[in-house]
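To start, the structure itself, in structure tokens.
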Amino acid sequence: MADLEQFRADARAWLDEHCPPTRRQLREGETAPAWGSPEFDAQIEGWKREICERGWSAPTWPRECGGAGLSPEEAKVLAQEMARIRAVPPIGGFGMYLLAPVLLEFANDDQKKRFLPDIANGRVDWCQGYSEPGAGSDLAGLQTRAVLDGDEYVIDGSKIWTTSAHLADWIFCLVRTDPDASKHEGISFILFDMKSPGVSVSPIQLISGQSDFCQIFFDGVRAKAENLVGVKNGGWTIAKRLLQHERSGLSGMMGGAAPSRKRKSGKRPLPNFHSMADLAAPYLGRDAEGRLADPFLRDGIVGVEMDNLCFGLTMKRSSDGAKEGQEVGHTVSMSKYYASELNKRRQELLVSVMGTQALGWEGEGFSATELAQTRGWLRSKGNSIEGGTSEIQLNVIAKRVLGLPD
Amino acid sequence: MSMILNDEQRMLQKTAREFVAEHAPVAHLRELRDEGDATGFSRGLWKQMAELGWAGIALPEVYGGSELGYAELGVVFEECGRTLAPTPLLSTVVLGAEVLLRAGSEPQQAELLPGVCSGDGILALAFQEAGRFAPYRVATKVTATADGHRLDGEKCFVVDGHVADRLIVVARSSGGEAERDGLSLFLVDPAAPGVEITRTIMADSRNAARVVFDGVTVGEEATLGRVGAAADTLDAVFDRATLALCAEMLGLASEAFERTVAYLKTREQFGAKIGSFQALKHRAATMFCDLELARSITLDGLRAIDEGREELPSLVSAAKARLADTAALVTCEAIQMHGGIGMTDEEEIGFFLKRARTAELFLGDATYHRDRFARLQGF
Ligand SMILES: Cc1cc2nc3c(=O)[nH]c(=O)nc-3n(C[C@H](O)[C@H](O)[C@H](O)COP(=O)(O)OP(=O)(O)OC[C@H]3O[C@@H](n4cnc5c(N)ncnc54)[C@H](O)[C@@H]3O)c2cc1C
């Protein structure tokens, strides 16, 4: 363990020196450059470059794949040290969180060496080509065809709701390689360049006004056969595994926090624990005893805060269980379902709290928080659709966890 | 502390589950009810449970306990909850013993705690005076006498009140009706002149009594802690008892849920298992999620007691609110999904609903605890 403590000291010293103010919690008396200023951008770029060079954007991956080859124990220490100063992970996105875990598990060595370093360094942005106009919840019903022609597959079809497809460099895509097999058995998992001839992308506007998802059309797109991951027609296994990573990632983003311990001193253990009560107080006012003045909304807020607490503890329990080698796969659907529904409740409640101030679309008369609330409320409706709908998560729990019959 | 049971706790869980399944299944509660058993639980069985170490699990070794903690005591409560086993765990081991540990003098502890650990002594805390939990709403009056105190008032829902060897009474020595200050605690012999105890028969077939104090006099040695300053003790005791009760509710709700899922897999209508109907599947899956959250908050709360964490009161309220809601949901859905048979006394599922509702209201329901949580969090 002495080595581990040495590693901790080294990591701490390195982070202290290299992590710039914009990418961590500010120190006493420190200031950071303004958002969007050249200096701000330079800090972000510099941090990304330096930490990636060290392999710490993907600490446990092998060196030849862009990682640092750290042991799980060392990676944990590094994560603790980053959390200690609230350092922002340098690389995120579909590549890091969804694709990389399945490449590490299913790809051959050549594929790992070709694709992982660019993910670790954030050089390539990926998008997820799963859903199609005719295949959403029933994902295995997908119809995009891939036909082998020499050492390439020729791909025809369309994907829809593909988040950030218009910005992506590459796509990981589910395609049908055997139209005669049963629907789960004719699917393959393939990677190709979004700049390939025959790929066209048209953005779709969301109810929230953002247009970060797209429909993609494939017209005779040629993808190298060597970029098919795993075995041909065996893509469904990979597809499902990736969905597990997606679902746990989504639920991590939407909920779970420890309770405030030190209300009186105004300090809380978690920086991201935005108490809804603090947000609500200016709108609802407080009564003589300091309670939020609207008893019904107050009750709703307590309910959400408590459920958030219980949910956070459930995530902790699941990770404690995983550490002890327990099978915790079943918690993925539960947490995806619960976190989505909880976030929708939270957003609805915040709109009720702020009233019509939370329904401003743009321009004068609203604070930035209020305008963001409008968009956030609308965007939250997608939580229970993306990554598998709430109904589908409940189906999975009923079948896989409770063993209820079809 | 990990939220996963360690090896010893798992052993304890296994022993407890097997013991109650064999000796105190739901049929045992039914039998006590149908026979109109005067005690309301089996003294012989309680003695055996004490011999297994359950009574003294969290109590000091000097009094015969094993000085483990609430993480362990919670395991026992949960398993007893699964079969609705009637025991004096809550009245004696938690409410009674915790008051003694916090407010009792050394001689008071030495007199009563060994009996708690051995399963020979039963205690009852008499605090409640109306249907809804209101910890400081105490009208029972104390007046000083030449050599002690005189008590006058009336208590309801005193758990195990009719079989207690000693009553611990919360009374008001000063202050207004619902004031936190001015509460005091006294040990009272149930056989003392002026004490009148009537057992009340509850829907859940568990023990409760109405106790009237009419000019009951006690000596100075009967005072527990400082006169007028009982609220701190009571807060801590209620927090612990509430979490123990949550563990019991977790057990009963888990059991009711598992029985219901099993029924969904066997009962057939329209030529199919009713568990294949999505209207029922989704409700079952939702309950599964709610139970997972209930388990997490209960386990964390119990560990917070053992670790002396300062956010304990918030966790207690979050736990009781969640368990109250979840146990109500699960037991109501259990009846609905059983259909007509769920309404019969012969089918055991109804026992779970009755106990859930009683446990929900005891020590504060969801509304009470949501309000308390908000206050504790400053809103
Ligand atoms: C914000 C957002 C981002 C997304 N990003 C991506 C992306 O990057 N890549 C990608 O591939 N996809 C993406 N999706 C697509 C998403 O995965 C699908 O929308 C989702 O799987 C549902 O499919 P669908 O839209 O076809 O709805 P449908 O499957 O048609 O569902 C319609 C309704 O029917 C219900 N339903 C369907 N089947 C059942 C059943 N068996 N039992 C009960 N109810 C059922 C559904 O729950 C839903 O309520 C995104 C979606 C959103 C909202």
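Relative to the Cα centre, the charge distribution of chain B, modelled as +1 at Lys and Arg Cβ and -1 at Asp and Glu Cβ, gives a dipole magnitude of about 1140 debye.
Helix B:366-376: angle to the longest alpha-carbon principal axis of chain B, degrees 0 to 90, nearest 10? That works out to roughly 60 degrees. Listed by chain and number, the lysines whose C-alpha is less than 27 Å from the C-alpha of A:Lys232, apart from same-chain residues fewer than 8 away, are A:Lys112, A:Lys113, A:Lys159, A:Lys183, A:Lys195, A:Lys224, A:Lys240.
Taking GluC sites (Glu not before Pro) across region B:131-204, the ones in a DSSP loop with at most 11 further Cβ atoms lying within 10 angstrom of their Cβ are B:Glu177. Which residues make up the longest stretch of chain A clear of GluC sites (Glu not before Pro) that lie in a DSSP loop with no more than 12 other Cβ atoms within 10 Å, not counting the sites? Between exposed loop sites, the widest span is A:31-288. The trypsin sites (Lys or Arg not before Pro) of region A:83-127 include none that meets both criteria, a DSSP state outside H, G, I, E and B (loop) and at most 12 other C-beta atoms within 10 angstrom of the site's C-beta.
Highest mobility in the GNM of chain A, judged by mean-square fluctuation with C-alpha springs under 10 Å and restricted to A:Lys224, A:Lys232, A:Lys323, is found for A:Lys323. For chain B, the longest principal axis of the Cα atoms and the long axis of helix B:312-338 meet at an angle of about 40 degrees. Nonpolar atom fraction for region B:232-376, defined as the carbon and sulfur part of the 1.4 Å probe accessible area, stands at 53 percent. Over region A:1-102, the alpha carbon radius of gyration divided by the compact-protein estimate 2.2 N^0.38 Å works out to 1.12. Can you give me the Cα centroid spacing of region B:139-211 and region A:108-143 in angstrom? Cα centres, region B:139-211 to region A:108-143: 69 Å.
Comparing mean-square fluctuations of A:Trp161, A:Trp35, A:Trp56 from a GNM of chain A with C-alpha springs under 10 Å, the top value falls on A:Trp35.
Tell me, what does the Kirkwood hydrodynamic radius of region A:242-401 come to in angstroms if you use every pair of distinct C-alpha atoms? Radius from the Kirkwood sum: 17.2 Å.
Across q = 0.11, 0.14 Å⁻¹, region A:126-233 modelled as identical point scatterers on its alpha-carbon atoms has Debye log10 I(q)/I(0) values of -0.31, -0.50, in the order of the q list. For region B:304-336, trypsin sites (Lys or Arg not before Pro) are listed when DSSP marks them as loop and at most 10 other Cβ atoms sit within 10 Å of their Cβ; the list is empty.
Per residue Cα convex hull volume for chain B, in cubic angstrom?
Spelled out: Cα convex hull of chain B, divided by residues, is 134 Å³.
When only alpha carbons are used to place a centre, region A:367-401 and region B:330-379 end up 29 Å from one another. One compactness figure for region B:125-229 is 1.01, namely its Cα radius of gyration divided by 2.2 N^0.38 Å.
How large is the dipole of the protein assembly as shown about the Cα centre if only Lys and Arg carry +1 and Asp and Glu carry -1, each at its Cβ, rounded to the nearest 20 debye?
Values: 87 positive and 110 negative charges, 255 e Å.
Computed charge dipole of the protein assembly as shown: roughly 1220 debye.
Interface size between chain B and chain A, please: total buried accessible area, 1.4 Å probe, rounded to the nearest 100 Å². Summed over both sides, the interface buries about 3900 Å². I'd like to know which of A:Leu394, A:Asn343, A:Ser367 lies farthest towards the positive end of the charge dipole of region A:331-402, counting +1 on Cβ of Lys and Arg and -1 on Cβ of Asp and Glu. Farthest towards the positive end: A:Leu394. For region A:279-313, accessible area lost to neighbouring protein chains reaches 30 Å² or more, against the chain alone with a 1.4 Å probe, at A:Arg291, A:Arg298, A:Asp299, A:Val302, A:Met306, A:Leu309, A:Cys310, A:Leu313.
Each principal axis of the Cα cloud of region B:161-207 was taken in turn, and the coordinate range along them, longest first, works out to 35, 27, 15 Å. Semi-axes of the equivalent ellipsoid of region B:60-109 are 23, 13, 8 Å, computed as sqrt(5λ) over the eigenvalues of the C-alpha gyration tensor in descending order. Taking every alpha-carbon pair under 8 Å whose residues sit at least 6 apart, chain A reaches a relative contact order of 10 percent. Cut-off 10 angstrom, C-alpha nodes, Gaussian network model of chain B. Which of B:Gly364, B:Gly225, B:Gly175 fluctuates the most? Highest fluctuation among the options: B:Gly175. From the P(r) of chain A, can you give the percent of Cα pairs sitting at distances over 41 Å? Tail of P(r) above 41 Å: 20 percent of Cα pairs.
Cα-based values for the protein assembly as shown, radius of gyration first and Dmax second, are 30.6, 107 Å. Taking each DSSP H run with n ≥ 4 as -39500 (n - 2.57) and averaging over every residue of the protein assembly as shown yields -15000 deg cm²/dmol at 222 nm. Here the contact order of chain B, divided by its residue count and restricted to Cα pairs under 8 Å and six or more residues apart, works out to 16 percent. In chain B, the longest principal axis of the Cα atoms and the axis of helix B:106-118 are about 30 degrees apart.
The values are calculated or read from the model by the stated rules, or taken from the named source; none is laboratory data. All values reported here derive from a predicted model rather than from experimental measurement. Please note: Cβ atoms are built from the backbone with ideal geometry, for glycine as well, and neighbour counts cover all protein chains shown. For the accessible areas, the whole protein counts, side chains as well, though only heavy atoms, and no ligand, DNA or RNA atoms are used. Shrake-Rupley method; radii C 1.70, N 1.55, O 1.52, S 1.80 Å.
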